[in-house]
Structure formats: C-alpha cells, structure tokens
Amino acid sequence: MSTTEQDIIVVGGGMAGSALAYGLAGKGRKVTVLDAPTDTNKASRANVGLIWCQSKFLHLPDYAKWGFISARLFPALTKELEEISEHTIPVNYLGGVIPVLSAEEYASRGEYIDKLREALGEYKGCMIDRTELERKLPGIGWGPEVCGAAWCEEDGVIDPLALLRAFRVALPRVGATYRQTLVYDVQPHAGGYRVTTRDGVFDAERLVLAAGLANRRFVQFAMPDLPVYPDKGQVLLVERMPYVMPIPVLGATQTFGGTTIIGFRHEHSGHHTRVVPSDVATEGQWAIRVWPELGKKRVIRAWAGLRVMPEDKMAIYSHLPGHPKVTLVNTHSAVTMAAAHARLLADFALGGDLPETAQGMTLKRFGYDC
Amino acid sequence: MQNTATPTVHITLDGKPLEVPAGISVAAAVLGHAHAEHTCKHPVDGSARAPYCLMGVCFECLMEINGEPNVQSCLVTVQEGMTVRRQLSGESA
C-alpha cells in the first residue's frame, strides 16, 4: 500500500477542520485535509449559519469571550477568503435579536444580560422594546405577543455553505491538500501517526482530529471515550419571501436566498436524524407567534442534524493523553468559532500554547492528563 | 396538437387559452407548448426564473395554479379548465 508523508493531517473537512487547516497552511506547513464524502452526517451542512455571541455561557465566561473574539476576527477573514477563493460569501455583521413573547421572558432575559455584562466586563447588547425592534427590522410584521427582544450588535449571520465552499476552494490555493475519502482508522506509527483510508494510507508527524462526532472513534488509541454526544436539532424550511431580515432572528432566521429556517430544539436521541412532524410543528407554532406571515407560507422541506456537543457545552481544544502531537477540536459552534479556529489555533496544533482565553478548554477539565 | 390520437386538455395561461397533451406537467406545458421564457421572479433579487430541475427540487418553476400562488408547477399535472399564471411581478403573493 502506498503511503503519503505529510507534516500534518487534519481528519475532518467540515467547518472546524477546514478553518484550522487554513490556519495551519498559513504557517507554511504541509497540510492534508481528509474529508468524508457528503453522504455522511455533517453538522457543517445542517446549520443556519449564525455568528452568535449573545445571551449565552454566563456559567462559562471564557467561552462566552471566545465567541466575541471570533466574531471580531470574522470580517477580515471573510474578506481574505473571498479574495483567495474568488467566491462571494453572503454575510451580515449587523447584530442579532432574540424575540420575547412575554413580560416575564423580557425580564429574565434582561437579568441574564446584566449578569453576563458583569461577568465579561464588556457586552455590546441590551433588551430592546417592541418599538426599537420594529425600527431595526421594519420589514417584519411582528406578532401581537412580541414585546421586545434581546439585542447584541456583535452577532451576525453568514451563508454557512458559502463559507465552507470558500474554505475548500482556498485550501489548495494556500498550499494545503484536500482529499475526499473515508477515514477508517487512526493509529500511532513509527513516531508519528498513520491514517488508514479507503484510498490508501497517509502518514504524518502531527494529527488534528476535527471529525465531529466521529472523533469519539478516532481517539480510541489514546483514550476509551470522548465526552462528546450528539445533540439533535430539527428544522423547517419555509418558502422564499422578499428579503426582510438583514439582522438574524434566533429560532426563525431568513436565509440570504429568501427562505426561512425555523428551529431551536435540543434532543438526546442517539444518532437518529428522523424528522418528527409533531416536534417540528411546535417550532413552527412558536415562529408564527413571532412572525405571523410565516403561517401563510409553505413549508418546503424539513431536516434534522446532529450537533457535536461536548458534555459541558464548552469547546474542546486539546492534545490527547500521552499524545502531544495530536490535537482534538470538538465544538457545537464551529460557524461562530470559525474565525478563531482559522486565526488562533494553529500554534497550539504545532506544539505551542492555546490563546489565554482558551486555556481552560482542554480535556484536563474532564480529568485527563494531557 | 393535430394528432387526434393524443388526448389533450384546455388550460389558460395568463388568460390566454392553450391546448396541451393530457398527462404532462404544468411546467412542461408552459415551456414546451407556450414557449414561455420565464415563469417567475426570485423574491429576493428579482431575477427572472424558469423551470429547471423538473423534479420538485429547485423551486424555480413556481406559478399560480387555480388561484394558488407559488405552486411547484413541475409537480402538477395539467387538468381540463386549469388556470395558470406566471409570476412575473417579482413578489411571492
């Protein structure tokens, strides 16, 4: 069997693997990305494309900060990717809103934001009343129950498939190799690592494991189990309408093509990706309360996807126990974090330190020595 | 349409009568028998669109059929007396 020698192999060419490989190529290393065919489960192809920082991770302030750091790196990254790939990436950096349907919800979200502002020291968001919401998104006829929204100016929305495509086109242009193949196995080999694939064997000095839920299988040479589980979401796709949502609404987000993706469920149901009509119906009912116009439109598709969810909901950036040249990346927010992954993680994968904000995101927090 | 062996139906397209073979899709009737260049406009950018995939995937063939807007015309079979309107004003109703 032929082998191909690389400095670094990145297993997984979704949003996380592509972003980190792009960063590694920028360091002048010989990088090969091995990506599974598109008929495998891919979280990178089942999401809305929110760049979302607000109203989350009060209990993990460093992780909340990490999101803001990434969001601030996005504009320069997408501009650079557009230039290198010669592909347009639809993206808006205009903020984001979470509509609220009752005074109680308005108060509790406001309280959460106040605590978050205190924990982070800085937070460019607040609660806005219905009048201000109408001013920010004048094209949307809000339902009578909508009394306002949580607002943050640092959120945004990007076409996730366009971003992924731009990465893919850019990778070979910055010197990386992209191969679509099935990875069967990863093992230590001759002081480095050997990746066995459907199309042959690849050897490398260093490895990045960015294969989403499949990382649980690939880490087994170093550890028995990975604290990452599938978190199922189900969404409805509503037919095209004129574009009225340059500021994304969480839970019912209009895409750049005019369709609207409705969904916010988190389910623990193993690896099933079935759509359950009664489940998506509850999402649709909420969306119609927010934006009644949706109720007059056709649902044209529904699908389910599996988020890659670490047990404590925080990203994992870590070497494996006993394997300092293997870097693991697992996150449920690979779109929001894409800019941080592209710009700030390469040194860590090459043996350096994690950025200060991310230093608590290794496997050490789960009791592993790494 | 002169071949009497082929059963036909009568529809109207944008108010004009049209005789087409029975059993074909509305999209096929409008493309193949009325030779329409475009059948709808994209609601976001206003660009003119026409039936493309002819199998229910691309949503480029939306037309108003019997008063109902935004119907995938490639998935609907022509029926006697059917009223079809192209959606060229740019907005989905």
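Here the Karplus curve 6.51 cos²θ - 1.76 cosθ + 1.60, taken at θ = phi - 60°, turns the phi angles of the stretch A:220-227 into couplings of 5, 5, 10, 7, x, 7, 10, x Hz, with x standing for Gly and Pro. If a spin label sat at a point 7 angstrom from the Cα of A:R265 along the line to its beta carbon, the backbone N atoms of the stretch A:228-249 nearer than 19 Å would be those of A:229-239.
When the stretch A:1-98 is described by a simple charge dipole with +1 on each Lys and Arg Cβ and -1 on each Asp and Glu Cβ, the residue from A:I9, A:C53, A:I84 located farthest towards its positive end is A:C53. Note on B:L54 and A:E83: the model spin-label points, each 7 Å out from Cα along the C-beta direction, lie 4.5 nm apart. Counting 0.36 nm for each residue step from A:F366 to A:K124 and taking away their Cα separation leaves a gain of 83.9 nm.
Seen from A:A304, the other residues with C-beta closer than 14 Å to its C-beta sum to a net charge of +3, counting Lys and Arg as +1 and Asp and Glu as -1. The Cα atoms of chain A define a convex hull whose projected area, averaged across directions, is 17.9 nm².
Taking 30 Å as the straight-line reach from the Cα of A:K30, the lysines in range (excluding those fewer than 8 positions away in the same chain) are A:K42, A:K79, A:K325, A:K364.
Averaging over all projection directions, the Cα-based convex hull of the stretch B:8-85 occupies 4.6 nm² in the image plane.
Label point of A:R274 set 7 angstrom out along Cα-Cβ; within the stretch A:285-317, amide nitrogens under 17 Å from it belong to A:302-306.
Values quoted throughout were computed directly from the atomic coordinates according to the rules given, and no laboratory measurement underlies them. Since the model is a prediction, treat every value here as computed from it, not as a measurement. We place every Cβ from the backbone using ideal geometry, glycine too, and count neighbours over all the protein chains shown.
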